[in-house]
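Below you'll find the structure, written out as structure tokens, and then a few comments.
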Amino acid sequence: MANIVIGVTGGIAAYKAIDLTSKLIQAGHEVRVVLTDNALEFVTPLAFQAIGRNHVYTNTFKEEDPSVISHIKIGEWADVIAVVPVTANTIGKLANGIYDNMLLNVLAANTKPVVMAPAMNVHMYNQPAVRRNIELLMGEGYHFIDAESGFLACGYNAKGRMANVPEIKAYIEDMLTVERTLAGKKVLITAGPTREAIDPIRYLTNHSSGKMGYAIAEAATARGADVVLVSGPVNLPAPPGVTVIDVESTADMFGAVKSHMDADLGIFTAAVSDFTPRDVQSSKMKKSEGDDQLSIELKKTQDILQYAGDHKGDMFVVGFAAETDNVRKYASAKLEKKNADCIVMNDVSNKEIGMNSDDNEVIMLFSDGFEQPYPKMDKQALGVEIIGTIVKRWQG
């Protein structure tokens with residue numbers, strides 16, 4: 001049983017917070033609810049009070065118990081705080097240090113984990129300011145459960161609908177049950193694409209966003225690991241508490257990996273280039289009149305996963321196999337050939353779970369024959385699942 005604070009902001013999805021509160025209480029948790037003024041336009045304190053049999057907080061200056069300061073006491077009481085739903089308005093205020101209601105004051109005085117479930121119109125969700133604020137908060141340690149696609153109150157059928165209640169409940173409970181099983185362990189993770197220079201302004205690369213690797217890095221840190229993340233060029237904030245080494249080329253990434261082969265666990269999610277130009281031009285390549293073709297001679301790059309498998313010592317090695325056809329065949333072959341302990345395979349021909357998508361669906365293949373499938377889910381949530389399975393199989 002845990003102490004959970006549910007914060008509710010002013011969006012149509014606020015009614016789902018009533019269901020979430022009910023399900024958490026049914027699971028044996030203690031729940032306290034904080035409503036913003038705007039949330040009161042959609043739901044009433046009585047609804048939550050009837051379910052939870054507890055006072056519902058709405059006003060910073062209305063102290064029911066004069067012996068305590070409520071917005072501080074609530075945070076001290078909580079094991080985790082979930083803001084469900086969180087609006088663009090609240091995200092913006094929190095990101096910019098504006099604390100003008102009860103919920104924001106609770107968050108300002110809080111030192112416990114916070115998870116947020118955004119819900120808003122698709123255009124609002126994609127606003128540069130909103131994306132920037134979310135990334136800033138993630139960089140400060142806030143957790144976000146990505147919105148899903150579906151019918152929105154505004155009439156659109158697009159991304160912006162709050163994640164479903166069972167998923168939010170599971171995410172909260174995962175945060176509560178995560179043990180520091182990786183405390184004292186060094187974890188090496190690679191993520192993102194690599195860039196292979198053709199000339200000073202052109203390069204070869206791929207569509208990898210790095211989201212999966214970054215999610216795994218965050219999950220490993222939550223378990224107490226000392227995480228080194230070797231990252232190709234991505235547009236993601238550094239996970240809190242993670243040592244990030246930024247690289248460009250496969251050669252750069254290989255050099256960084258070699259320097260950290262003393263890790264206890266190596267997870268190689270990066271989509272590295274298999275080939276690189278044999279000769280990199282020192283100046284911009286020019287097209288000649290009449291030429292309608294260009295040939296670039298390529299050579300193989302260093303196989304980072306193969307090197308890790310061949311030189312792993314006591315390191316537990318996990319690789320990723322992103323394939324477009326014969327996925328299991330190629331993933332199984334990779335598991336054996338690379339001398340890996342586990343291969344995480346996924347079908348990137350499906351754009352909904354392919355590179356640069358927010359979701360993923362994988363099957364983990366272990367060298368002892370064990371398999372663990374995971375259905376389509378948000379990459380951040382999947383990162384938690386992948387780390388959990390690795391820890392069980394490795395340490396077990």
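Kindly give the semi-axes, whole Å and largest first, of the ellipsoid equivalent to the chain, taking each as the square root of 5 times a Cα gyration tensor eigenvalue.
Working: eigenvalues 363, 118, 71 Å².
Its equivalent ellipsoid spans semi-axes of 43, 24, 19 Å.
As a footprinting exposure proxy, order Tyr125, Tyr330 by other Cβ within 10 Å, with the fewest listed first. The partial results should precede the final answer.
Values: Tyr125 20, Tyr330 16.
Fewest-to-most ranking of Tyr125, Tyr330: Tyr330, Tyr125.
Only counting other Cβ atoms within 10 Å, I'd like Thr44, Thr194, Thr276 sorted with the fewest neighbours first. Mind showing how you got there, number by number?
Details: Thr44 13, Thr194 28, Thr276 21.
So the ranking, lowest neighbour count to highest, is Thr44, Thr276, Thr194.
By what distance, in whole Å, do the Cα atoms of the stretch 3-177 stretch along each of the three principal axes, largest value first?
46, 34, 33
Going by Cα centres, the stretch 191-232 and the stretch 300-340 are how many Å apart?
If you average the Cα positions of each part, the centres end up 17 Å apart.
Please give the FRET efficiency for Ala333 paired with Gln26, using the beta carbon to beta carbon distance and R0 = 41 Å, rounded to the nearest 0.05. The partial results should precede the final answer.
Numbers: r = 47 Å, r/R0 = 1.14.
So, using R0 = 41 Å, E works out to roughly 0.30.
What value, in deg cm²/dmol to 500, does the helix sum -39500 (n - 2.57) over DSSP H runs of n ≥ 4 give at 222 nm once divided by the residues of the chain?
-9500 deg cm²/dmol
Pick from Arg32, Arg223, Arg131: which is most flexible by mean-square fluctuation in a GNM of the chain where alpha carbon atoms under 10 Å apart are linked?
In the Gaussian network model the winner is Arg131.
Using a simple spin-label model with points 7 Å from Cα along the Cα→Cβ vector, what separation in nm is obtained for Gln127 and Trp77?
The modelled label-to-label distance comes out at 3.3 nm.
Once both labels are modelled 7 Å past Cα along the beta-carbon direction, what's the Asp199-Asn350 spacing in nm?
4.2 nm
Taking the Cα centre of each part, how many Å lie between the stretch 1-26 and the stretch 147-188?
So the two Cα centres are separated by 14 Å.
For the Cα atoms of the chain, what angle does the longest principal axis make with the long axis of helix 379-395, in degrees from 0 to 90, nearest 10?
With rounding to tens, the tilt is 70 degrees.
For the stretch 77-152, take N as its residue count and report Rg(C-alpha) divided by 2.2 N^0.38 Å.
Here the answer is 1.07, to two decimals.
Modelling each spin label as a point 7 Å along the Cα-to-Cβ direction, I'd like the Phe370/Met261 distance in nm, to one decimal.
The two pseudo-label positions are separated by 2.7 nm.
If you average the sequence gap of Cα pairs under 8 Å that are 6 or more apart and divide by the length of the stretch 3-177, what percent do you get for the contact order?
23 percent
Can you figure out the FRET efficiency of Thr177 with His311, using R₀ = 25 Å and their beta-carbon distance, to the nearest 0.05?
0.10
How large is the convex hull of the Cα atoms of the stretch 171-218 per residue, expressed in Å³ as a whole number?
Numbers: hull volume 4.5 nm³, N = 48.
In the stretch 171-218, the Cα convex hull volume per residue is 93 Å³.
Of all DSSP beta bridges in the chain, what percent run antiparallel (nearest 5)?
Among the beta bridges of the chain, antiparallel pairing accounts for roughly 30 percent.
Quick check: the angle from helix 14-26's long axis to the longest principal axis of the chain, C-alpha only, nearest 10 degrees?
Once rounded, one gets 90 degrees.
Expressed as an acute angle from 0 to 90° and rounded to the nearest 10, what is the orientation of the C-alpha long axis of helix 211-222 relative to the principal long axis of the chain?
Rounded to the nearest ten degrees, it is 60.
Please identify, among Val384, Val83, Val122, the residue showing maximal mean-square fluctuation in a Gaussian network model of the chain using a 10 angstrom Cα cutoff.
Comparing Val384, Val83, Val122 in the GNM, the peak value goes to Val122.
Readers should treat all values here as calculations from the given coordinates under stated rules, not as data from a laboratory. Worth saying up front: this structure is predicted, and the values here are computed from it rather than measured. Cβ coordinates were reconstructed from backbone atoms using ideal geometry, including for glycine residues, and neighbour counts include every protein chain displayed.
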